[in-house]
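Asker: Let me give you the structure first, and then I'll get to my questions.
The values are calculated or read from the model by the stated rules, or taken from the named source; none is laboratory data. Bear in mind the structure is a predicted one, so any value in this text is a computation, not a measurement. Cβ sites come from the backbone with ideal geometry, for glycine too, and all protein chains shown count toward neighbours. Each accessible area value is taken on the protein alone, full model and side chains, heavy atoms only, with ligands, DNA and RNA left out. Shrake-Rupley method; radii C 1.70, N 1.55, O 1.52, S 1.80 Å.
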Amino acid sequence: MHQMSVVRVFTTSMSPSFRVPWQMESTENSTGSGVYLGQNKILTGAHVVNNATFIQVQSLFSDEKYVAHVTSISHDCDLALLSLEEPEVFQEVPAASLGELPELKSPVEVVGF
């Protein structure tokens, strides 16, 4: 995977209140990492975008943040797929190439923020 494919994900989230079910908890801002897969797809962790009400993505090529939306999420495997509102802004970002699934207990390289 190319390090230039790594993106920063900014979220604003509101969690449900289990003490007062008719209200939401206060908003929280957080950041996480994702990887640009090309074709307007960004892979990130489900925990990064869980309960997100607003998502922005920033590449290493720009100081600008771009609005994104969750298109698929799986909490069981902690993965989420995002898409950009304006896909053309990531034209210069190289897409990561995913290889074969590594064998169990293989060394791996992790890149993120």
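Asker: Using each residue's phi in the stretch 45-59, evaluate 6.51 cos²θ - 1.76 cosθ + 1.60 at θ = phi - 60° and report the 3J(HN,Hα) Karplus result to the nearest Hz, with x for Gly and Pro.
Answerer: Coupling constants for the stretch 45-59: x, 4, 5, 5, 10, 4, 6, 6, 9, 8, 10, 10, 10, 10, 8 Hz.
Asker: Residue 63 versus residue 37, label points 7 Å from Cα toward the beta carbon: distance in nm?
Answerer: Label at residue 63, label at residue 37, 3.2 nm between them.
Asker: Assigning unit charges at the beta carbon (Lys, Arg +1; Asp, Glu -1) and nothing else, what dipole magnitude in debye, to the nearest 20, does the chain show about its Cα centre?
Answerer: With only Lys, Arg, Asp and Glu charged at Cβ, the dipole is about 260 debye.
Asker: Now, a different point. With a 10 Å radius around each residue's Cβ, average the other Cβ atoms per peptide and rank 103-109, 33-39, 71-77, 58-64, highest first. Could you put the intermediate results ahead of the total?
Answerer: On the way: 103-109: 5.9, 33-39: 17.6, 71-77: 11.3, 58-64: 13.1.
Those peptides, ordered most packed to least, come out 33-39, 58-64, 71-77, 103-109.
Asker: Now for a separate question. Work out, step by step, the length gained on full extension between residue 85 and residue 97: first 0.36 nm times the residue separation, then minus their alpha carbon distance; give nm to one decimal. Can you show the working numbers first?
Answerer: Details: separation 12, 0.36 × 12 = 4.32 nm, distance 2.26 nm.
Gain on stretching residue 85 to residue 97: 2.1 nm.
Asker: Tell me, what HN-Hα J-couplings in whole Hz come from the Karplus equation 6.51 cos²θ - 1.76 cosθ + 1.60 at θ = phi - 60° for each residue of the stretch 70-85, using x for Gly and Pro?
Answerer: 6, 9, 8, 8, 9, 6, 4, 10, 6, 10, 9, 10, 10, 10, 8, 5
Asker: Extension gain residue 50-residue 2, at 0.36 nm per residue separation less the Cα-Cα distance, in nm? Write out the running numbers ahead of the final one.
Answerer: Details: separation 48, 0.36 × 48 = 17.28 nm, distance 2.62 nm.
Full extension of this stretch gives 14.7 nm more.
Asker: Now a separate question. Cα centroids of the stretch 62-90 and the stretch 21-61: how far apart, whole angstrom?
Answerer: Going from one Cα centre to the other spans 7 Å.
Asker: Among 48-54, 86-92, how do they line up from the highest to the lowest mean number of other beta-carbon atoms within 10 Å? Mind dumping the intermediate values first?
Answerer: Working: 48-54: 17.0, 86-92: 11.9.
Packing order, densest peptide first, comes out as 48-54, 86-92.
Asker: Leaving out ligands, DNA and RNA, and with a 1.4 Å probe, what % of the accessible surface on the chain is carbon or sulfur?
Answerer: Looking at the chain in its full context, I get 51 percent from C and S.
Asker: Give the accessible surface of the chain per residue, rounded to a whole number of Å², with probe radius 1.4 Å and ligands, DNA and RNA excluded. The partial results should precede the final answer.
Answerer: On the way: 7710 Å² over 113 residues.
Dividing the accessible area of the chain by its residue count gives 68 Å².
Asker: Another question about this same structure. Taking square-rooted eigenvalues a ≥ b ≥ c of the alpha carbon gyration tensor, is the chain rounded, prolate or oblate, where a/c under 1.5 means rounded and, failing that, a/b exceeding b/c means prolate? All intermediate terms of the calculation are to be shown ahead of the outcome.
Answerer: Numbers: a/c = 2.30, a/b = 1.40, b/c = 1.64.
Note, shape of the chain comes out oblate.
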